[in-house]
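Below is one structure, written out as structure tokens, with a few remarks after it.
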Amino acid sequence: SHTLSATALGGAVAFAITGDAATLADNTLTAVQAGTVTITASQAGNGNYNPAANVTKTITVNKATPTVTAWPTLDAVTYGATLEQALVLVGGTASVEGTFVITDSYNAADVPNAGTYTYGVEFRPTESNKYNNVSGGTATLTVNKANQSITWDMGNQSMYVGGQLTLNATASSKLGVTYTSSNTSVVTVSGNTLTAVGEGNATITASQAGNSNYNAAASKSYTVTVSKKDHTITWT
């Protein structure tokens, strides 16, 4: 607010206002929104003085700049979440009512890889006719690796030497599964083909080591028992 002051020889000066950027009560001018107002000072005269020529002044009311006391943050998400799901600002405090928004452009349907990403943030007051936007804030998004699991229902197997078996374990991540044999003199594995090569027992383990977006899966194992096959001699 501002107190208007003017003097004239004929007596008290009256003030009038034109414009909606401020209000006037007696001689107190109060700014209410950005814009300009014209103040007219007049004095009607008295028994000794003719009316004075009016005097006008133009006053410009500028927008105020709010104070941001705390910028909002972004909660961590797991790989697989879209940016629409991930970029939800949490918290944030300013001296006036308004909203915080991310200023960087992005495709809401995109799924970001695991890692950290920083976005620009701006505060936009509800009463935009009174207050400036406040920019310069940032919010960091953390995308964590997703867990994965292996599905494999082969069961323990009994085989004869020379037999083969196709292994069919799958990972929920859709990443390839690898197999290892605990005893390659009994069972060997090439790709997903198991071959019984000698008598005995071996443990076959399915693994998925993960990648930049997935943690390693818990491995899954089955036991394969290999026996020699009986045979007969045919003499013709």
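Looking only at residues that are part of a loop (DSSP other than H, G, I, E, B) and of a type in the set (G, A, S) in segment 214-228, which one is surrounded by the fewest Cβ atoms within 10 Å (Cβ to Cβ)?
A218
Mind telling me which of the residues N168, N211, N201 ends up being open to solvent by 70 Å² or more (accessible area, probe 1.4 Å), under 30 Å from N113 (Cβ atoms) and either part of a strand (DSSP E or B) or at pLDDT 95 or above (or both)?
N168
Can you name the residue in segment 39-53 that is in a loop (DSSP other than H, G, I, E, B) and open to solvent by less than 50 Å² (accessible area, probe 1.4 Å) and is also farthest from S128 (Cα to Cα) among such residues?
G45
When you look at G136, is it farther than 25 Å from A22 by Cβ and either buried (at least 18 other Cβ atoms within 10 Å of the Cβ) or in contact with a helix residue (DSSP H, G or I) (Cβ under 7 Å, 6 or more places away or on another chain) (or both), yes or no?
When the stated conditions are applied, G136 does not pass them.
Limited to segment 171-189, what total is found for residues that are assigned to a strand (DSSP E or B) and more than 16 Å from Y222 (Cβ to Cβ)?
1
Right, V101: under 30 Å from A34 (Cβ atoms), assigned to a strand (DSSP E or B), in contact with a Leu (Cβ under 9 Å, 6 or more places away or on another chain) and of a type in the set (A, V, I, L, M, F, W, C) or not?
yes
What pairs can you find where one residue is in segment 221-236 and free of Cβ contacts under 8 Å to residues at least 40 places away in the same chain, the other is surrounded by 10 or more Cβ atoms within 10 Å (Cβ to Cβ) and not polar (S, T, N, Q), and their Cβ atoms are less than 8 Å apart, with a gap of 6+ or different chains?
Filtered contacts from segment 221-236: S221/I204; S221/A206.
Within segment 1-38, which residues are without any contact (Cβ under 8 Å) to a residue 12 or more places away in the chain, part of a loop (DSSP other than H, G, I, E, B) and at negative phi?
Matches in segment 1-38: T7 only.
What are the residues in segment 1-25 that are open to solvent by 50 Å² or more (accessible area, probe 1.4 Å) and farther than 17 Å from V55 by Cα, if any?
Hits for segment 1-25 are S1, H2, D20, T23, A25.
Mind telling me which of the residues D26, D20 ends up being at pLDDT below 95 and over 30 Å from R124 (Cβ atoms)?
Unique residue meeting the criteria: D26.
The values are calculated or read from the model by the stated rules, or taken from the named source; none is laboratory data. Remember, it's a predicted structure, so these values are computed and weren't measured experimentally. Counting neighbours? That spans all protein chains shown, and the Cβs are built from the backbone with ideal geometry, glycine included. Heads up: the accessible areas ignore ligands, DNA and RNA and are worked out on the full protein's heavy atoms, side chains in. Shrake-Rupley method; radii C 1.70, N 1.55, O 1.52, S 1.80 Å.
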